[in-house]
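Quick notes on the structure that follows.
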Amino acid sequence: MQRTPIIAGNWKMHKTIQEARDFVRAVRSFLPGGKVETVICAPFTALAALVEELHNYPAAIGAQNVHWEESGAYTGEISPGMLVEIGVKYVIIGHSERREYFAETDETVNRKAKAAFAHGLLPIVCVGENLEQRESGKTKELVRDQVIRAVEGLSSEQAKQLVIAYEPVWAIGTGKSSSAEDAQEVIAFIRSMVEDAFDSQVASQVRIQYGGSVKPDNIMAYLEQPDIDGALVGGASLAPDSFLQLVEAVR
Ligand code: PEP
């Protein structure tokens, strides 16, 4: 099964609307289409401007969070329908920063993933172990739980369109990346978990990215691994030059 690699930038809480416009005006005519899918996950306030700026260019826009309800008394939240209405295609769910600082749990990740699919929004579900879990040999156990609980109740058709980002927490924003071989091992394991939860067809289609201090000078090693289908990138996605180099690394 040929899977199209997906390079997604996670801007976190960076860039005003004007900064976001300036960024995409600098990169959009250089974006390769076809062999790589390019996604920019921006703060809510910049999403509509980015959709407008990238109209007719080969890049999709993603949000960094979503609520599971369609509407209601949820002050401060944004629903899947609201994101779809402005042209957002992807949404990051369960990023470790949301798990750590905003009480995201496996249960809310699952609710959000189901709600996203119900509205035609594609989830990028983040999983990954922290340093203590890694050092005590619990990486696979932890990641297995996160994956199984995230996909509970999804149909096979939905699961095929899912993107999973394996992001060891200790590698996010630290400059310490997982070796490509270690990332491959965990990602192959995640693919086998998806096969157990669904079937081999779903497992061969689901895209699984690596994330954690990916930069233009190390991305190739990840892309060469058979089970790694691209990267979710924070810091190195913020500057136009390095973002383009990441996208262009897909051959
Ligand atoms: C992230 O924010 O998902 C991430 C992987 O960040 P960084 O690339 O900066 O480690």
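The values are calculated or read from the model by the stated rules, or taken from the named source; none is laboratory data. Keep in mind it's a predicted model, so treat the numbers as computed, not measured. We place every Cβ from the backbone using ideal geometry, glycine too, and count neighbours over all the protein chains shown. In case anyone asks, the SASA skips ligands and DNA or RNA and just uses the protein heavy atoms, side chains included. Shrake-Rupley method; radii C 1.70, N 1.55, O 1.52, S 1.80 Å.
Observations
- Each Cα pair under 8 Å and six or more residues apart adds its separation to the average, and for region 124-203 the resulting relative contact order is 38 percent.
- The dipole here belongs to the chain: it is taken about the Cα centre, uses +1 on the Cβ of Lys and Arg and -1 on the Cβ of Asp and Glu, and is about 460 debye.
- Accessible area of Met220 (1.4 Å probe, protein heavy atoms only, ligands and nucleic acids ignored): about 80 Å².
- In order along region 43-56, the phi-based Karplus estimate (6.51 cos²θ - 1.76 cosθ + 1.60, θ = phi - 60°) of 3J(HN,Hα) comes to x, 3, 5, 9, 4, 4, 5, 5, 4, 5, 5, 9, 4, 6 Hz; Gly and Pro are listed as x.
- For the chain, carbon and sulfur atoms together expose 49% of the accessible surface, with a 1.4 angstrom probe and every protein chain in place.
- Using the 1.4 Å probe convention, the accessible area of the chain works out to 44 Å² per residue with neighbouring protein chains retained.
- Region 221-248 versus region 1-58: alpha-carbon centroid distance in Å: 13
- The chain, relative contact order in percent, only Cα pairs under 8 angstrom and at least six apart counted: 21
- Under a 5 Å amide H cut-off, with hydrogens placed 1.01 Å from N, Ala60 pairs with Thr38, Val39, Ile40 among residues at least 5 apart or on other chains.
- Region 1-107 - percent relative contact order, Cα under 8 Å, separation 6 or more: 24
- Remark: region 225-238, residue by residue, has Karplus-estimated 3J(HN,Hα) of 6, x, 9, 9, 9, x, 9, 10, 10, x, x, 6, 9, 7 Hz, where x stands for each Gly or Pro and the curve is 6.51 cos²θ - 1.76 cosθ + 1.60 at θ = phi - 60°.
- Each residue of region 100-113 is assigned a 3J(HN,Hα), and the resulting list reads 7, 9, 10, 6, 5, 10, 4, 5, 6, 4, 5, 4, 5, 5 Hz, derived from the Karplus form 6.51 cos²θ - 1.76 cosθ + 1.60 (θ = phi - 60°), x at Gly and Pro.
- Dipole moment magnitude, nearest 20 debye, region 1-139 about Cα centre, only Lys, Arg, Asp, Glu C-beta charged: 460
- Amide H contacts under 5 Å for Gly128, placed H, 5+ residues apart: Glu167
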